[in-house]
Amino acid sequence: MSSYSNPEHSNVPPGQGQPQFGPPPGEVQPYVEQTAPYPAAGGGQPPYQPPGAYMPAGPPQQPRGGRGAKIAIASILSVALLLGVGAVVLFKFVLNTGPDPAASFPASASMYVEVNFDPSFSQTPKLLEHLNKFEDVDYEDTDDILADLLDEAGAEGVEAEDLSSWLGRRHGIAMWEHDGMPYGVVNLASTDAGAAEDGMAKLRDAAEVSDEEFAYTVNDESVLIVLGEEGAADALAAAESEAGTSPLSDSAAYEEARNWLEGDQLMVYWVDMDALSEQTEEFGAGMMGMTAFNGLYSGQLIAGVSAFDDGFELTYRMLGGEDDPWTGSGDLLSNMGDLPASHLAVTADVPEDIAAQTDDWLTQFEELYGGGEAEAEAVEPSDGEPLTDAEYEEYLELDDMWMSDYESMSSEDEERYWELYERFSMYGTEDEPVDYGYDDYSYGPDWDEVTESVSEFTDLLAGSQLSFAADLLPDDDIDEESIFLQAVLADDRAAELNDLLEEYASGQTPEGIEADGSELSFTGQDVADGTLSDDARFSDFAADAPESSAVAVWVDMQALIESDPDDFEGDLPLSAFAWAHGSVDGDGAGLLRLYLE
């Protein structure tokens, strides 16, 4: 991958207001042959030379015979070069407003997102071109995009002009921990510090929060904001201090990950998975089952969104963690190209150690599983009494009072209402008690049955390559007649896999499944014509996807819309969606693309 270079800002030191021409005193001045002067329209001075260029004094030499064409070409190339250099300088130092946001965040941040509305001369025109393909969108420049976003996200008491008058084009947000508390840190590029002060004051007033929840500071180029439940002002000072000595942009982990992304990006997403896992446990996210995911990933995740000629793409990679178990194979996408040109196609290269991997996954998710009899006993309601007829009448009166004029209810009536409400919800009335049906309710298989079923399949599928293709019907169901299914196993056990499928499907598998040695396949009566490799979009995607891919998905959006236009609202310029995940030097990596018409 090519390296990434951040824009550099150059300032003229005090006392050196004029550019210097020629080499420093005492050094030999290189001689540059003077070409014919470029005539200005209507006469006048020769063109201005860029800083550092040296031209010898004296009149220009007359060209010798036969050199006119060469001199003309050289002059044209010189002008073109000057224009090109000037354009790059103009973009980097004038149009690309805002410094690198990562330089304003502490290196200890666990997650970082950057949004850049004007990343480069290549990306910005493509961004506008692609967005303008959508209905009712007509952006002339990125100012229009920003204005649209501000209008949509407008807060009461804050006009779009209060923010657009100073907002730059490059912004960032991070998740960061300070003194045991989580904070959101935001850096907004600014072009006008005075207007930023006014706009931020209005924004905080509109949010109706104190500086302990919403603290910010404005400088010449950006606004730094810290958001939290409490202590935001102290956290802001700490964030500025750490970023001043140890910014995220200088972090070895972030720098390695960011440099992997090729070219300029509209959006960059970086996560320190280990730090994020610690925070989700520390700040209570584990209560919602998030801890089940914490052991699955480690290292750094980097992802970038950019525009390419035919749409938008997202590339990602996991660096610094354990080797990705789904290493894939070099022939997955070429084999996928042989699948029917259906609306939907999916293929996967199953790792040989899939059994061990699924054991790890099942261990992580066991705490989330709600099946089995033990859980049934735990969730049954405790003993309680249904409402008598008199209590039910009282409940209806209080409920009517609550719905019509609850502010006039006394505290005693309100307390009584909620007592009757809870009993009625849980137990009903004596005439119509709630029947939870615990005696005959099925909670599904217990955990041992689940793991046994999974093991039977992983034992057969280890080291296999699976493929599926089908068309979709207008009601979003799969057209069974268009299905193509293939499983190429590592061993000659296709017949065993067929028997297992019939067992779990209670004999309801479709007719026509063929099991021959290591290959299990099914071909419907109306499979799509042609192959995916005939599609230039798929071939383009396959060429740029990870060379060693493990999973790939293809959705022909254009064909879907054409087959059922009524199911898609408006005139959507969607062409195709593609995703491939594999490995690069042991790291998990992938590519997603949205093709537009």
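Mind grabbing the accessible area of residue 278 for me, 1.4 Å probe, Å², rounded to tens?
Near enough 120 Å² of accessible area.
Students sometimes get this wrong: rank 218, 488 by accessible area, probe 1.4 Å, all chains present, largest first.
Final ranking, largest accessible area leading: 488, 218.
How many percent of all Cα-Cα pairs in segment 180-240 sit more than 17 Å apart? Can you show the working numbers first?
Numbers: 639 of 1830 pairs.
Of the Cα pairs, 35 percent sit more than 17 Å apart.
Between residue 148 and residue 197, what length in nm is gained on full extension when 0.36 nm per residue of separation is reduced by their alpha carbon distance?
Separation in residues times 0.36 nm, less the Cα-Cα distance, equals 15.4 nm.
Which of the GluC sites (Glu not before Pro) found in segment 145-177 are in a DSSP loop and have at most 10 neighbouring Cβ atoms, other than their own, within 10 Å?
Details: sites: 152, 156, 159, 161, 177; in loops: 156, 159.
Sites meeting the loop and neighbour criteria: 156.
Could you quote the convex hull projected area for segment 507-582, Cα atoms only and averaged over all directions, in nm²?
Values: hull surface 32.8 nm².
Dividing the Cα hull surface by four gives the mean projection, 8.2 nm².
For 316, 595, 406, give me the order by solvent-accessible area with a 1.4 Å probe, most accessible first, ignoring ligands, DNA and RNA. Walk me through the numbers before you get to the answer.
On the way: 316 35, 595 5, 406 120 Å².
Reading off the accessible areas and sorting them downward yields 406, 316, 595.
Please pull out the direction-averaged projected area of segment 110-183, using the convex hull of its alpha-carbon atoms, in nm² to one decimal place.
Working: hull surface 28.7 nm².
One quarter of the hull surface, i.e. the mean projection, equals 7.2 nm².
Identify the trypsin sites (Lys or Arg not before Pro) of segment 127-177 meeting these criteria: DSSP loop state and at most 16 other C-beta atoms within 10 Å of the C-beta.
Numbers: sites: 133, 169, 170; in loops: 133.
Filter output for segment 127-177: 133.
The values are calculated or read from the model by the stated rules, or taken from the named source; none is laboratory data. Not measured: the values here are computed from a predicted model. Neighbour counts run over all protein chains shown; Cβ positions are idealised from the backbone, glycine included. Note: accessible area is taken over every heavy atom of the protein model, side chains too, but ligands, DNA and RNA are not part of it. Shrake-Rupley method; radii C 1.70, N 1.55, O 1.52, S 1.80 Å.
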